[in-house]
Amino acid sequence: MANTSSARKRIKQNERRRLRNRALRSAIRSAVKTARAAVAGKAPKAAEDVHAAIRELDRAVSRGLGRWPPDPRISRSVSWRPADAGAPPRHHA
């Protein structure tokens, strides 16, 4: 247990931040999952879902969760398909 008042305050701050970060990570995962499903199913609002997922990533980064620019693997895996949703997957050599 913390012995000083500043250590007790730090414990409280860390707990609040942990809960906020957990909620942000969950929102990102949900948005990415929705976007990938929409693109795979060729849903009419796939581009809208992709935009929402990237917006969630940017929002989390602006709040200190993750890095700038947002994880390029996630952004790329979500966003490259809407322009050519009917095309087969591209393989990069």
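We did not get these values from a lab; they are worked out from the coordinates using the rules stated. Quantities reported herein were computed from a predicted structural model and do not represent experimental measurements. Cβ sites come from the backbone with ideal geometry, for glycine too, and all protein chains shown count toward neighbours.
Show the residue pairs that are 6+ apart or on different chains and have beta-carbon atoms under 8 Å apart, the first residue being within segment 8-28 and among the aliphatic types (A, V, I, L, M), the second being exposed (fewer than 13 other Cβ atoms within 10 Å of the Cβ).
I11/A2; L24/R63
Can you report the number of residues in segment 4-48 which are exposed (fewer than 11 other Cβ atoms within 10 Å of the Cβ), under 21 Å from G66 (Cα atoms) and of a type in the set (S, T, N, Q)?
Residues that pass the stated criteria total 3.
Tell me, which residue of segment 19-59 that is more than 16 Å from the chain's Cα centre (by Cα) and among the basic types (K, R) is nearest to S77 (Cα to Cα)?
The selected residue is K42.
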